[in-house]
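This report refers to the structure that appears directly beneath it.
The values are calculated or read from the model by the stated rules, or taken from the named source; none is laboratory data. Just so you know, these numbers come straight off a predicted model, no measurement behind them. Heads up, the Cβs are rebuilt from the backbone with ideal geometry, glycines too, and the neighbour counts pull from every protein chain shown. Surface accessibility is based on the protein's heavy atoms, side chains included, excluding ligands, DNA and RNA. Shrake-Rupley method; radii C 1.70, N 1.55, O 1.52, S 1.80 Å.
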Amino acid sequence: MNAVNKKNVLLVVPSALIARGFESVFADLGEFRLHGVLPDLSNGAELKLKNVGADVIVVDPVVFEYASRINARAVISQYSDAAVVGLRTITMSDEAWRQFDEVVNLYDAPPVIIKKLRSAMSSRSESPKSEGEDLSAREKEILVCVAKGMLNKEIADYYNISIYTVITHRKNITRKTGIKTVAGLTVYALLNNLIDYDSIE
């Protein structure tokens, strides 16, 4: 496979040894290429996530603080539309692992790793097909708040949920409605009688 057709993988892993291992797997099997490595998500990492142009992001949840690991996927999704694969280096709940498009284990054979990366990309590309799904009750509540001009932090405080949960709901709203702008979502809310004109700031 020529370099033009290879899929770009960004690693967010603190271990240089693991990064080298992935690089070796990609060199041997050719379908993917290592496009960059971030050892953590400190200052400036968000800009790199936005600009790296990755097709797949492989993340070791250890780069997140313990309490925010359950929202790792949502954090990365703020900055990139790439498929997100969890790297199982630590123990987390099944629910925490389910947030990822796929999960790679340290002991997976190279062909299994490639298969999982393919699967993650496939599931990610299929997700927009669910456009037109009905919004959940909570998603409608979040949509109303967005239409009223509330910021993510204000919505999180109002419903006593984490800001990452708000971001996840907003991504789901965008995916289901196909609308990306606040103005468009406001019109959607008006047309679907979720709000009236008087409630818009």
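Here Lys116 is the anchor, and the aspartates and glutamates within straight C-alpha reach of less than 12 Å, apart from those fewer than 8 places off in the same chain, are Asp101, Glu102, Asp108. For Leu191 and Ser136, the difference between the fully extended length at 0.36 nm per residue and the C-alpha to C-alpha distance is 18.1 nm. Shown for the chain: the carbon plus sulfur share of the solvent-accessible area, taken with all protein chains present and a 1.4 angstrom probe, equals 51%. Packing, as the average of other Cβ atoms within 10 Å across residues, places the peptides 22-30, 84-92 in the order 84-92, 22-30, highest first. Under 22 Å of direct C-alpha separation, and excluding same-chain neighbours fewer than eight residues apart, Lys153 reaches these lysines: Lys50, Lys140, Lys171, Lys180. Please identify the helices of the chain, taking whole runs of DSSP H, that span at least 18 Å along their own axis as judged from the Cα atoms and have a mean Kyte-Doolittle score of 1.0 or higher. Helices passing the filter in the chain: 16-29. Computed from the Cβ-Cβ distance with R0 of 30 Å, the FRET efficiency linking Glu154 to Val112 stands at 0.10. Cross-link partners for Lys148 among the aspartates and glutamates, with Cα-Cα distance under 20 Å and sequence neighbours closer than 8 places in the same chain left out: Glu139, Asp157, Asp196, Asp198, Glu201. Computed over protein heavy atoms with a 1.4 Å probe, the accessible surface of segment 57-181 works out to 52 Å² per residue.
Modelled this way, with points 7 Å down the Cα-to-C-beta line, the labels at Arg20 and Asn105 are 2.5 nm from one another. As a rough guide to protection, the peptides 171-182, 111-122, 50-61 ranked by mean Cβ packing within 10 Å, highest first, stand as 50-61, 111-122, 171-182. Length gained on full extension, Lys6 to Asp28, computed as 0.36 nm times the residue gap minus the Cα-Cα distance: 6.6 nm.
All distinct Cα pairs of the chain go into the 1/r average, and the inverse of that average, the Kirkwood radius, is 18.3 Å.
The alpha carbon centroids of segment 48-73 and segment 137-151 are separated by 26 Å.
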